[in-house]
1. Per the helix-only calculation at 222 nm, which mean residue ellipticity applies to the protein assembly as shown, given -39500 (n - 2.57) for every DSSP H run of n ≥ 4 and division by its residues, nearest 500 deg cm²/dmol?
2. I want the local charge near B:MET118. Using Cβ-Cβ distances under 14 Å, sum +1 for each Lys or Arg and -1 for each Asp or Glu among the other residues.
3. Between the stretch B:489-503 and the stretch B:423-445, what's the alpha-carbon centroid distance in Å?
4. Going toward the positive end of the dipole of the stretch A:32-99, with +1 on Lys and Arg Cβ and -1 on Asp and Glu Cβ, which of A:GLN98, A:VAL38, A:SER80 do you reach last?
5. With springs connecting C-alpha atoms under 10 Å apart, model chain A as a Gaussian network and identify which of A:PHE97, A:PHE229, A:PHE146 has the largest mean-square fluctuation.
6. If R₀ is 45 angstrom, what is the calculated FRET efficiency for the pair A:ALA126 and B:ASP611, using the beta carbon separation as r and rounding to 0.05?
7. If I model a spin label as a point 7 Å beyond the Cα along the Cα-Cβ vector, how far apart are those points for A:GLU222 and B:ALA428 in nm?
8. Write down, largest first, the equivalent ellipsoid semi-axes of chain A in whole Å, where each equals the square root of 5 times an eigenvalue of the alpha-carbon gyration tensor.
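The values are calculated or read from the model by the stated rules, or taken from the named source; none is laboratory data. Quick caveat, the model's predicted, so the values are computed rather than measured. All Cβ positions, glycine included, derive from the backbone under ideal geometry; neighbour counts span all protein chains shown. Calculation scope for accessible area: heavy atoms of the full protein, side chains included, ligands and nucleic acids excluded. Shrake-Rupley method; radii C 1.70, N 1.55, O 1.52, S 1.80 Å.
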Amino acid sequence: MSAALQVEGLSKTFGGGRSLLGRARPAVHAVEDVSLRVARGETLGIVGESGCGKSTLARMLVGLSLPTAGRIEIAGRDLSEQIGDPAAFGRLIQYVFQDPIASLNPRKTIRQILEAPLRHLAGLDAPGRRARISELLDAVNLRAEFLDRYPHEFSGGQAQRIGIARALAAEPRILVLDEPVSALDVSVQAQVLNLLADLRARLDLTYLFISHDLAVVEAVSERIAVLYFGRLVETGPAAEIFARPRHPYTALLAASAPQVGRPLSPPAGEAQELPDPYAPPPGCAFAARCPRAEADCRAAPPPLRPMGGGRAAACLHPL
Amino acid sequence: MTTLRLIWRNRLAAFGGIVLCAVVVVALLAPLLPLPDPDLTAPAERLKPPFSAGALLGTDHLGRDLLSRLIWGTRLSLAVGIAAAVIAAAIGSTIGIIAGFRGGRIDNLLMRGIDMLMAFPYILLALAIVAVLGPGLVNALYAVAAVNVPFFARNIRGVTVGLAHREFVDAARLSGKSGARLVFTEILPNVLPVIVIAMSTTIGWMILETAGLSFLGLGSQPPQADLGSMLGEGRKLLITAPHASIVPGVMIFLIVMSVNLLGDGVRDALDPRLRSGALSRPAAATEVRRKAATPAAGAGAGPLLAVEGLETEFQVGARVYRAVGGVDLAIAPGECLGLIGESGSGKSVTALSLLRLVASPPGVITAGAVRIGGEDTLAMKPEALRRIRGARVSYIFQDPLGTLHPLLRVGDQLVEAIRAHAPVPRRAAWARAVAMLERVQIPNAAARARSYPHELSGGMRQRVGIALALVNDPELVIADEPTTALDVTVQAGILAILDGLRRERGLSLLFITHDFGVVSQLCDRVAVMYAGRIVETGPTAEVLAAPRHPYTRRLIACVPEIGAGRRRLEAIPGLPPPVDALPEGCAFAPRCDKAAERCRTGQIALEGSGDRAVRCLFPEEVPA
């Protein structure tokens, strides 16, 4: 299978450098050395808690943010040259935002919002745009009468459908879905997830589905990648990764997710917080919270190693 | 349309608008009115008092008709003031938008330039500009405009910086827009109201400044009349002929006052924060206007909390939002009741209504009774209510950053909570606060008590929130989605603390959530809410294993569960009904596949046997 998206050694550092007076500014490594490969038609789930760098990663993938290092290749085309030009990315890869209402300009009608990508990315003329808009509305199950309304008149679920329609307008091959349902109620969440599944099958799309909700990610993904403190700590098939985690952090995540019929299991250990991003530990970032950590974990960050069965984990003492 | 109506409803703004309109209309009609030449001197007629024949407002020291000069002068002053405002707004907003949008070095360069402009006193700067360009009305206009550019630049830059990082701007970038197009089509429409507000509040000031320059002889040159120069000429005769300065003075006063009143009205009408009623102060307790007599209290000991037929409405204009439409609840001592529902189902309003914390106006409790230990909080005086709040009954909210005071150390906030209800010396209260922080497993509690809320992580802040709720040993704690904003690994810790404390202290807990997993881990009983009513209630395990209301069943089915693998979810079609237009009968009927004709009429009661009850005519079969 050809890769729809390939990322190598992607890193992003905020801050850093020196001030006018020559003092070093503090730097935060939001994403460090992330390499991913997503096959065509596949859904890769990316999970992690707040501050793990998942949104920074997503913004780099769609060209909204400049990587500090690394290479992005979409559909076999190296996009390193076009970085900083979201329009070049926009024809190949699109983004669906977490907050559906905030991602729509409050002073534009839905028609104006949907026309923008058709005009600027697809270069369609007026009749072409009109035809494509009604196609898009059909695809996301919205009625044509919504077109001349403003975003505040819509519920979260409807607004997210509009966001999806906009992302699909220029016929990209890949969608980056950044927490697309976490602002929605559960009954609406299921509607949107099913819509996404239908669209993927019909339009042969590739998804990167980012979420903090393990159950949602598991329900939609073929493979899952777990991020912790800016690094990939584990990747593997969705069916296995939470059932038989190899990395202790994945195990902690899976055990913490509230589940019907499972008793409360408070996480062990005092330190339940992320390390200080301005003073990251030299070794594995999870070592302070990890029950299996030993001296070698604290020396250098462990590399992501294959563990067989399509799985990989960045752990020296895997489960 | 609504904006105009809002301005009109503001009496002062309407008054200002009428006065200003009258002045503008008269000024505009000046060439058509039968006025004598304003510049025609008639030394014989000089300094005639007002109301003399042929000169309604009298004449000035050269015998020129004051009424004519006033109207022509007003015309000129208005034109210059408005032109200066437009020029200042255009230049200032352009600078502000460019600086705010581009950021970085360009922002720095432009704004430091603006800062330099602001370093001079405005009148000095205006004088300097006029001195360079030479006196004259047009040069005065340039000076006034230049002096006001920084006001617009700084204002608009602030707004633009906020907008440039909003998600919809990123979305437009991904739609292929960039540079000037992005500014004109995405940023500008959102900045425009702010520019209008800034202009409406400064235009009066600009008219005043122009008049000031003319008064000093730097603006309009004789014989041309504007309000400032008229005032300047009249000043010399203030004692002998006061009318010559009073007439233009009154006109300046009228114009500036009406412009400012109208400008404030425009600002209040356009500013979304003021529009949403941020200026109206809610009452100390939710208003209670019961339509029917209070239901009689049941005999005997009864539960700790008993809610009967609670109805809470929001009355906004002509619309009535029935957020809570008849809720019955009971919590025994030491029991944990989960209240589950989607957003807008009324679960939070129910919780806030118990101690009358719903903002009033617009909230009104229209029916029911809330008995805590037998006493009806809906009938209490505010002082009695205050003694219960935070002492016998306390709340934990979703967002601890919003509920903790940002400027007080967390220890001091706990001390304040303790001393609000008991006369404890400060030192003892501090010790109790630290002990409470230790109890919620805050590491190094004695040191952390001296931290400010922003220095703590989300999980630590919520621990403080729990400590704050429990520090006065309440009997009942109402927790409104306390872990929704937290990460799962942090959530697990918080839930464990809450569960441990509840069992240790025999607390009753009303736990509001939308997460079935959390309910099943924490709660003894669960009540499911939909569109302001409880549709099903019962022991948690039984309700989750065998839901009887179709809504409960389908809601459980559409939540993905970990370990179930990749699959299609069973979504519920449609949306919950808006609470200002609830359907008759069952509110879920429009989305229900079992709904029959009977479901859409009359009231459907919450009925059941034992500890389970369901509000449905066709409940699901319970497997034997």
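1. On the way: 32 runs with 391 residues, N = 943.
After summing the helix terms and dividing by the residues of the protein assembly as shown, the value is -13000 deg cm²/dmol.
2. My count for the surroundings of B:MET118 gives +2.
3. Centre-to-centre distance over Cα atoms comes out at 19 Å.
4. Farthest along the dipole direction, towards plus: A:VAL38.
5. A:PHE146
6. Numbers: r = 64 Å, r/R0 = 1.42.
For R0 = 45 Å, the calculated efficiency reads 0.10.
7. 6.9 nm
8. For chain A, the semi-axes come out at 35, 23, 19 Å.
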